[in-house]
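In what follows, a single structure is set out as structure tokens and then discussed.
What follows is calculated from the coordinates using simple rules that are stated; it is not laboratory data. Nothing here was measured: the structure is a model prediction, and the numbers come from that model. Heads up, the Cβs are rebuilt from the backbone with ideal geometry, glycines too, and the neighbour counts pull from every protein chain shown.
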Amino acid sequence: MCGRFSLTANNDELHQRFGVSVLQNLVPRWNIAPAQSSLILRQRGLELGAEMAEFGKPAGPQHKRLINARSETVTQKPTFKEAFIYRRCLVVASGWFEWSAPRQPWHIQLQDGRVMAMAGLCFDTPKGQSAQFVIMTTDADGSLQDLHHRCPLVLPASHWSVWLTGNAEQAKSCLVPPSAHYFNAYRVHPDVGNIKNDNAGLVAPYSEAKPASPPQADLFG
């Protein structure tokens, strides 16, 4: 599952990584939570566009939100089927958070710390309102399973264009769990559990954290 993530990349980093011109004045975010806005990338004709969208799709009473879509059933669920066919997006993130136990949060990022692209689905809203998005999830691989049995569907660079511009059958080829070898996970402070907290200290290694794994080859572009 993915319910919290960070995005601290600036406009230049996003342009270098994705070739997209970001017009929004981005500020670093260390604790993005459901109902908050974050940057997504969508194909707009021949160009890749960047826009702010709201994390989660409201569903049911008490303002509950759907924040994730399972890759195994996305083509079968009425809620997600149309978005999978017509409105796929990239959710850019510096990392995501997972809890291995109560008050034991971890921050997971690419080994080299570069901004990543998580597969997402976008939902348009009435004119004047921000679009909404959910993050695709898949089975966690290897050591990531020690934190949670699910993880975001992080896409390698070779899949970005297929995910954004391919047809539904082509997009299905992207539904492959990312290997745990490409990620670095480390303990962070329990304060990240409070969505009111949003500062750089939330992604700093916690004093009781395990040593980080040594860097390995990055195949994510």
Average silhouette area of the range 1-92, convex hull of alpha-carbon atoms, in square nanometres: 6.9 nm²
Neighbour-count ranking for 52, 136, 116, 1 (other C-beta within 10 angstrom, fewest to most) reads 52, 1, 136, 116
Which of 15, 107, 189 has the fewest other C-beta atoms within 10 Å, and how do the rest follow up to the most? 15, 189, 107
Within the set of other residues whose C-beta is less than 15 Å from the C-beta of residue 57, count the net charge using Lys and Arg as +1 and Asp and Glu as -1. +4
Please report how many Lys pairs in the chain have alpha carbons closer than 19 angstrom, counting only residues at least 8 apart along the chain or sitting on separate chains. 7
Where labels lie 7 Å past Cα in the beta-carbon direction, separation of residue 59 and residue 124 in nm: 2.1 nm
Longest the chain segment clear of trypsin sites (Lys or Arg not before Pro) sitting in DSSP loops (not H, G, I, E or B) with at most 14 other Cβ atoms within 10 Å runs 128-195
With only alpha-carbon atoms in the gyration tensor, what are the semi-axes of the equivalent ellipsoid for the chain, in Å, largest first? 25, 19, 18
Whole-Hz ³J(HN,Hα) for each residue in the range 96-110, computed from phi via Karplus 6.51 cos²θ - 1.76 cosθ + 1.60 with θ = phi - 60°, x for glycine and proline: what do you get? 9, 10, 9, 10, 7, 6, x, 6, 10, x, 10, 10, 10, 9, 5
State, to one decimal in nm, how far the label point of residue 139 lies from the label point of residue 167, with both points 7 Å from Cα in the Cβ direction. 2.9 nm
Volume per residue of the C-alpha convex hull in the range 101-162, rounded to whole Å³: 153 Å³
